[in-house]
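First the structure, in the form of structure tokens, and then the observations on it.
The values are calculated or read from the model by the stated rules, or taken from the named source; none is laboratory data. Keep in mind that what you see is a predicted model, and the values were worked out from it rather than measured. Positions of Cβ are generated from backbone atoms using ideal geometry, with glycine treated the same way; all protein chains shown enter the neighbour counts. Ligands, DNA and RNA are stripped out before the accessible areas are found, and what is left, the full protein with its side chains, is counted by its heavy atoms. Shrake-Rupley method; radii C 1.70, N 1.55, O 1.52, S 1.80 Å.
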Amino acid sequence: MPDTEAGRRHRLRDRLAALDADAVLVTRLVNVRYLTGFTGSNAALLLTADDAVLATDGRYVLQSAAEAPDVERVIDRRCGPALLARAVARGARRVAFEAHDVTVEGLESLRAAAEPVELVALGHAVEDLRQVKDPGEIALLREACAMGDRALADLLPTVRPGQTEREVARRLEELMRDHGADAPAFDTIVAAGPNSAVPHHGPTDRPLERGDFLKLDFGARHRGYHADMTRTVVVGKHVEAWQEDLYVLVRAAQRAGREALVPGADVRDVDAAARTVIHDAGFGEHFSHGLGHGVGLEIHEAPLLGYEATGILAAGTPVTVEPGVYLPGRGGVRIEDTLVVRDDGPELLTLTTKELLTLG
Ligand code: ZN
Ligand code: ZN
């Protein structure tokens, strides 16, 4: 999609003037991918007012030509310094770089390659551009979310007491691949019984028991785009009253969070919409994380929805809404959807029911 990437580079160029810089050096691989289409593991991009040059190493000669046909390419293992030296040789005096990506050592080699260039921080300019997705990106996210929905629909009828968290996680990841995922978007979380009270529990050999909450947080990666969904179910047919109450509370908070997703909303207010429901029920201290996050080329990206976050939502931004209440020693519930902020109400991408399911 060269036109898409060219349009993105064009929008980044607008920042050049604001920074009074002659060039931008992009070194974060995910940002290089966003701006060029190149997916290799070693790359940098130099952008000037009328030029775009991609550097990568000898392993990627053919791949870079295929994936990024509309930019000039330089083959040099030391991508950043090579591009910076080239910019200086062509007269650049002030170059913006991704200070949040470059190590202390990396900065020394950039300086050594390009005396006496002035390096200024670009900030998170590319990450900011990436927040609002184009229709092609949203289509990929929609497909990724559908793979997760289908995998879960296949999995749930096969879950039995006695299976371990690890077995369930492995099976869920296998099913996502069966439905077309390139890989899991992140390490699948399967947490049963008391383990469900740990927000980011890694699956263990603990067998599922009748009466457990079973929390599944997972997603498919599809052509670089990451889906994210959590559902909490009960193993066995019997649901205790406290489980029902907790589930209904988290579901109400999650709905409040989803309904707060409107263009122009402050991300803190979206968080507050869900958090207030949990706080007012007396469980505020047991909701120990932010409400959600952007998804796209990374599983966690801007914007963050949290009580300490800053930012305003724009239409076309995919985010998760994932409140949870975790009762130590007993169990926890998290319900998470991926949605897209829209003018006429959020578009839900993860379609699995949020009714409390009982298994077996
Ligand atoms: Zn998740
Ligand atoms: Zn998430």
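Observations on the structure shown:
- Test for Glu285: is it touching a strand residue (DSSP E or B) at 6+ places or on another chain (Cβ under 7 Å) and acidic (Asp, Glu): no
- Meets criteria (closer than 23 Å to Ile138 by Cα, open to solvent by less than 10 Å² (accessible area, probe 1.4 Å) and either out of contact with any helix residue (DSSP H, G or I) (no Cβ under 7 Å at 6 or more places or on another chain) or more than 16 Å from ligand 2 (Cβ to nearest atom) (or both)) for Asp178: no
- Residue satisfying all of: in segment 156-175; open to solvent by less than 60 Å² (accessible area, probe 1.4 Å) and touching a residue at least 60 places away in the same chain (Cβ under 8 Å); farthest from ligand 1 (Cβ to nearest atom) among these: Pro161
- Segment 1-26, residues that are touching an Asp or Glu at 6+ places or on another chain (Cβ under 7 Å) and either buried (at least 24 other Cβ atoms within 10 Å of the Cβ) or among the hydrophobic types (A, V, I, L, M, F, W, C) (or both): Ala6, Val26
- The residues of segment 301-345 that are β-branched (Val, Ile, Thr) and surrounded by 16 or more Cβ atoms within 10 Å (Cβ to Cβ), listed by number, are Thr317, Val319, Thr320, Val321, Val325, Val333, Ile335, Thr338, Val340, Val341.
- Screening the candidates Ala99, Ala65, Ala17 for the property of being of a type in the set (A, V, I, L, M), under 25 Å from the mean Cα position of the chain (by Cα) and either not in a loop (DSSP other than H, G, I, E, B) or not assigned by TED's automatic domain parsing to the domain that holds Glu301 (or both) yields one hit, Ala99.
- Residue list for segment 102-141, restricted to those being small (Gly, Ala, Ser), part of a loop (DSSP other than H, G, I, E, B) and over 26 Å from the mean Cα position of the chain (by Cα): Ala114
- No other residue among Arg77, Arg86, Arg73 is of a type in the set (D, E, K, R) and either in a helix (DSSP H, G or I) or on the phi > 0 side of the Ramachandran plot (or both) apart from Arg86.
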